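Pasting a structure here, questions to come.
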Amino acid sequence: MSDIANITIVGRLTRNPETTETSSSSVAKFSLAVNGWKDDDVSYIDCDAWGNVGKIVQQHCEKGKQVVVAGTLRIDKWEDKDGNKRSKPVVNVRDVTLLGSKDDAKATEPKQEKVEENQDDIPF
């Protein structure tokens, strides 16, 4: 068995998802704001949702929507225009649970909808 970095995150979308079509599938890209231990400690995590999960994200999620994402963690690496090595974590979303929007935060029972990805839709 090979090592794999599974991750589950609860956060709010920082922007509306942007969908890109590839030759074999589509991907919805979005970012989550995740609160840390202190109120002013916020992390921003990029997410890629492929195939059917990406379509659900595109249709039902918008800026401010609270979601739970589960997937695998990858580290994107590149060189910037000045030749500096850069990297950032990205979650390859396997499934998403819709919790609500900022407007729903006062509700006592948030509506939940879980969507799971078919692993055949992820192109790697």
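FYI, it's all coordinate maths here, none of it is from the lab. As the structure is a computational prediction, the values presented were derived from the model and not from experiment. Cβ atoms come from the backbone with ideal geometry, glycine included; neighbour counts cover every protein chain shown.
Provide the FRET efficiency to the nearest 0.05 for the residue 76-residue 41 pair, computing r from the beta carbons and using R0 = 30 Å.
Working: r = 23 Å, r/R0 = 0.77.
For R0 = 30 Å, the calculated efficiency reads 0.85.
Mind scanning 55/85; 38/88; 65/85; 38/85; 63/85 and naming the pairs with a C-alpha gap bigger than 27 Å? Display every interim value, and only then the final one.
Working: 55/85 33 Å; 38/88 22 Å; 65/85 33 Å; 38/85 30 Å; 63/85 30 Å.
In this structure, 55/85; 65/85; 38/85; 63/85 lie more than 27 Å apart at Cα.
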